[in-house]
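What follows draws every value from the coordinates through simple rules; no lab data is involved. The shown structure was predicted, so the numbers you read here are calculated from the model rather than taken from an experiment. Neighbour counts are summed over all protein chains in view; Cβ atoms, including those assigned to glycine, are modelled from backbone coordinates with ideal geometry.
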Amino acid sequence: MTQQDLGSVSIQHLYKKYPSQNNEDLVVLEDINLDIQPGEFISIVGSSGCGKSTLLRLLVGLENQYRGNILVDGEKAIGTSLNRGIVFQDHRLFPWLSVRENVRIALHKSNLTRAEEDKLIDEHLELVNLSNFKNAYPSQLSGGMNQRVAIARSLVNRPQILLLDEPFGALDALTRQNLQDELQRIWQTEKITMIIVTHDVEEAVFLGDRVVVMQPHPGRIKRIVDVPVPHPRKREDVRLHNIKNNILQDFSDPSKEVLFQKPRHFSDYQFAW
């Protein structure tokens, strides 16, 4: 199997539940089935409580109690692995370490020499356009720059799969768009499998080859939407807007449609005077 063939994921009949105080299990994920090809960019979108982040934690190996199968490159995923990196919404950098040393933390299990580590770190800081800030500290950087450091740290071990859990959720709109463009560029450069969880449908459509739409209580896949628009993408592409609007219909509240019904006759209303 070549490097380009690595990074496939197969989720088969996945169930996840937590015990509750009233002795009734809380089902978080129900019968999740999803096959992801090597090098594919998958977006997972859904409202709060649909189990998106739980699914990512299971994929990266931070949680291991579940029913079903999670296969990575044909083998059952057990525990964490350097082949699966993750970026959280909070960059989780160590404030007392420089940018370079924050990235080096991810290499603590490697057998590389110090010089080899420096070379690898410098390559990944260049990848995220932070070469000039390698000696800076997190407090000296913007939120977006810190998140790019987190991405570099997650990529420095050359994983086949990068998981992103709302990585831009805490950023302002302009910074968020810039980092979406950066992530698109990095994905095209690295050619690895990426899976992003987001509440932002526009972000999901802009980045993903496919968008997995989830619904809550319990979390399950409602449908999977293809985004047949080549990369790199432009935000003004009307095809992306049409797909976004189509997905947004899945989250519309039918109860609010009453607000737009034809007004009744004045005599149909009751008044207190």
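Some values worked out for this structure:
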| read-out | value |
| --- | --- |
| Entries in K17/K191; K52/K76; K17/K234; K109/K191; K52/K134; K16/K234 that, when Cα-Cα distance is taken, lie over 30 Å | K17/K191; K17/K234; K52/K134; K16/K234 |
| Counted charge near V197, where neighbours are those whose Cβ lies closer than 13 Å (Asp, Glu -1; Lys, Arg +1) | -2 |
| Cα centroid of region 82-112 to Cα centroid of region 121-168, whole Å | 9 |
| For the chain, calculated [θ]222 nm from helices alone, where every DSSP H run of n ≥ 4 adds -39500 (n - 2.57) | -8500 deg cm²/dmol |
| Prolate/oblate/rounded call for region 48-123, Cα gyration tensor, a/c under 1.5 rounded | oblate |
| Calculated Rg and Dmax of region 90-158 using C-alpha coordinates, Å | 10.8, 32 |
| Rounded to 5, percent antiparallel among DSSP beta bridges of the chain | 50 |
| Calculated volume of the Cα convex hull per residue in Å³ (choose from [x] 208; [y] 113; [z] 176), label | [x] |
| 0 to 90° range, to nearest 10: angle between helix 238-248 axis and the chain longest Cα axis | 60 |
| Burial ordering of F94, F168, F133, F41, fewest other beta-carbon atoms within 10 Å first | F94, F133, F41, F168 |
| Percent RCO, i.e. relative contact order, over the chain, from Cα pairs under 8 Å lying at least 6 residues apart | 25 |
| Charge dipole magnitude, Cβ of K and R +1, D and E -1 - region 1-129, Cα centre, debye nearest 20 | 360 |
| Which of I42, I196 has the fewest Cβ neighbours within 10 Å, and the rest in rising order | I42, I196 |
| Taking S252, S154 and counting other C-beta atoms within 10 Å, the order from fewest to most | S252, S154 |
| Using a Förster distance of 25 Å, the FRET efficiency for S110-Q188 (Cβ separation, nearest 0.05) | 0.45 |
